[in-house]
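Below is one structure, written out as structure tokens; comments come after it.
The values are calculated or read from the model by the stated rules, or taken from the named source; none is laboratory data. Since we're looking at a predicted model, the values are computed, not measured. All Cβ positions, even for glycine, are placed from backbone atoms using ideal geometry, and neighbour counts span all protein chains on display. Each accessible area value is taken on the protein alone, full model and side chains, heavy atoms only, with ligands, DNA and RNA left out. Shrake-Rupley method; radii C 1.70, N 1.55, O 1.52, S 1.80 Å.
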Amino acid sequence: QKESLLNMQSQGSDPFEVYPPIGGKISIDTLKTEAPLKFAEKMPEYVGGMSALYKFIEANVKYPNEERNTGVQGTVYAKIVVNKDGSISNTTIVKSIAGHPNFDQEVLRVIKLMPNWIPGENNDQKVTVEYTLPFRFKIPD
């Protein structure tokens, strides 16, 4: 007799066990999808540290011409996910410079150029972690 997953009820001593077992005991941990952590014991790190990250950004960011010519400045914040293998994924802009999408496009372009990072760790295990990067656009005096 087949039972719908919707009709399964929790029974037994472990409130997170699902019955009837399908190929054995299933726990909530088995069913979880791994969401990126906001913090880790050891946060992800750009290879070479923050100074190397700043050098990489400085060497690769191109100030958008329209904004340079009109004197627009500001900071764009991008959230990245540093995966267990150090690769970067799920890049999103979390704060833009209003009315100037060229800055966002430049930040996304530069992030795509980044090499893998050193992944974050919890309990000596590599973990997936969110990381927010500020990109400051300032016209030199």
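Leaving out ligands, DNA and RNA, what percent of the accessible area of the stretch 40-141 is carbon and sulfur, probe 1.4 Å? The nonpolar share, carbon plus sulfur, comes to 49 percent.
Measuring against 23 Å, Cα to Cα, the residue pairs Lys62/Lys138; Lys55/Lys112; Lys42/Lys138 contain Lys42/Lys138 as the ones spanning a longer distance.
Sequence-ordered 3J(HN,Hα) estimates for the stretch 46-63 from the Karplus curve with 6.51, -1.76 and 1.60 and θ = phi - 60° stand at 5, 4, x, x, 5, 5, 5, 4, 4, 5, 4, 4, 4, 6, 10, 6, 10, 5 Hz, glycine and proline given as x. Taking label points 7 Å from Cα along the Cα-to-Cβ direction, Ala98 and Met50 give a separation of 2.9 nm.
Extension gain for Ala59-Ile139 works out to 27.3 nm (0.36 nm per residue, less the C-alpha to C-alpha distance). Under 10 Å from the Cβ of Gln73, count the other residues' Cβ atoms, weight Lys and Arg +1, Asp and Glu -1, and hand me the total. Residues close to Gln73 contribute a combined charge of +2. Here each label is just a point 7 Å from Cα along the line to Cβ, and for Glu66 and Ile118 those points are 4.0 nm apart. Taken per residue, the accessible surface of the stretch 28-125 reaches 63 Å², heavy atoms only and a 1.4 Å probe.
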